[in-house]
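Okay, so here's the structure we're looking at.
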């Protein structure tokens, strides 16, 4: 019986030590390191305008006006809802996906005053896996540049320079494609 009590005491002490270490000390150390080394990222990569938080550079927002660049379509809840992040899970043979993309193609061409047979980048008419991707392709941004320039009364070349200035390179120089963060680009345009 003494052996069982001794083993039980050892087990309880081990559990308490691990709880304190893994549920208290370790998270506190990770939090302190993150706040000290990467405070911008650790706090959600929040973007401020005139001292007021207007969004996160990691989450898409719905911009619909002619004077702003538009993000990728969203499949997250009721449009860019971070609480319902996720793709549509519709496969390439899904009639619902085919009709949704067809509607988005027609709308994108109409909004950007494009010919009915103009080629459109895939990211302009398909949602990302999370439904909250804050980036669009450079080709998508360039297509939208004419519309935004016209709405703002600026030369299209100014828009292209803004796109170039806000183009982010590949991750680690090799992964993914060059992309444009829509929130950062639109905020830069609003400051201009």
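Looking at 93, 64 in this structure, which one is within 17 Å of residue 132 (Cβ to Cβ) and free of Cβ contacts under 8 Å to residues at least 60 places away in the same chain? Of 93, 64, the one residue that is within 17 Å of residue 132 (Cβ to Cβ) and free of Cβ contacts under 8 Å to residues at least 60 places away in the same chain is 64. At least 1 residues being surrounded by 17 or more Cβ atoms within 10 Å (Cβ to Cβ) and in contact with a strand residue (DSSP E or B) (Cβ under 8 Å, 6 or more places away or on another chain) is the threshold, and among the helices (runs of 4 or more DSSP H) wholly inside the stretch 88-190 those reaching it are 138-152, 156-165.
Scan the stretch 132-155 for residues that are within 14 Å of residue 65 (Cβ to Cβ) and touching a residue at least 24 places away in the same chain (Cβ under 8 Å) and the total you get is 6.
In the stretch 16-38 there is no residue that is assigned to a helix (DSSP H, G or I), surrounded by 11 or more Cβ atoms within 10 Å (Cβ to Cβ) and under 15 Å from the mean Cα position of the chain (by Cα).
Quick one: how many residues across the stretch 67-78 are free of Cβ contacts under 8 Å to residues at least 60 places away in the same chain and surrounded by 14 or more Cβ atoms within 10 Å (Cβ to Cβ)?
Going through the stretch 67-78, the residues free of Cβ contacts under 8 Å to residues at least 60 places away in the same chain turn out to be 73-78.
From what is left, the residues that are surrounded by 14 or more Cβ atoms within 10 Å (Cβ to Cβ) are 73-77.
Number of matching residues: 5.
Of all residues in the stretch 46-84, those satisfying the criterion of being farther than 24 Å from residue 124 by Cβ and assigned to a loop (DSSP other than H, G, I, E, B) are 50, 51.
Just so you know, all these numbers are worked out from the coordinates, no wet-lab data involved. Just so it is clear, the model here is predicted, and its values are computed rather than measured. No Cβ is skipped: glycine too gets one built from the backbone with ideal geometry, and neighbour counts run over all protein chains shown.
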